[in-house]
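The values are calculated or read from the model by the stated rules, or taken from the named source; none is laboratory data. Note that the structure is a prediction, hence the values are computed from the model and not measured. FYI the Cβ positions are ideal-geometry reconstructions off the backbone, even for glycines, and counts take in every protein chain you see.
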Amino acid sequence: MGQTLLRCGVPLAFEIWEQPNWRYDHPMARTAAQLLEDARQLPPAERDWLIENLLGEEGLTSDEAFAAWQKEAGEPEPGYDEWFRAGVEEALADTSGDIPHEEAMKEFHDAILRARKLKATA
């Protein structure tokens, strides 16, 4: 079923049923950020389905999926759990003041520049 419109006096024909659907008819490849934003707009049931299918085998519960991942990854090295728990306890017990974001970013930037210089001289 066609319809003719006039644009600047020139007939423009198109099929009504062929109107693009912005959600599915993208003229260019989507970035991961754009896909994530689209996924956030999905109804909850569709979003849950997407998450389940992206995480792995269909029908696995999160506990089953974690167990499958743990089996694939293997057991951590001896002492890892103790090392990790000690780090968490140390962080929780730390009473030093917060570091402002700008200062932390400057420290990271300086560390990256030092690493680049070391790499360039190696």
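In table form, for the structure just shown:
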| read-out | value |
| --- | --- |
| Residue that is β-branched (Val, Ile, Thr), at pLDDT below 75 and within 22 Å of the chain's Cα centre (by Cα), where the choices are Thr4, Thr61, Thr31 | Thr61 |
| Matching residues, the stretch 63-85, being aliphatic (A, V, I, L, M) and surrounded by 11 or more Cβ atoms within 10 Å (Cβ to Cβ) | Ala65, Ala67, Ala68 |
| Flag for Gly97 being of a type in the set (Gly, Ala, Ser), loosely packed, with under 10 Cβ neighbours inside 10 Å and at pLDDT below 90 | yes |
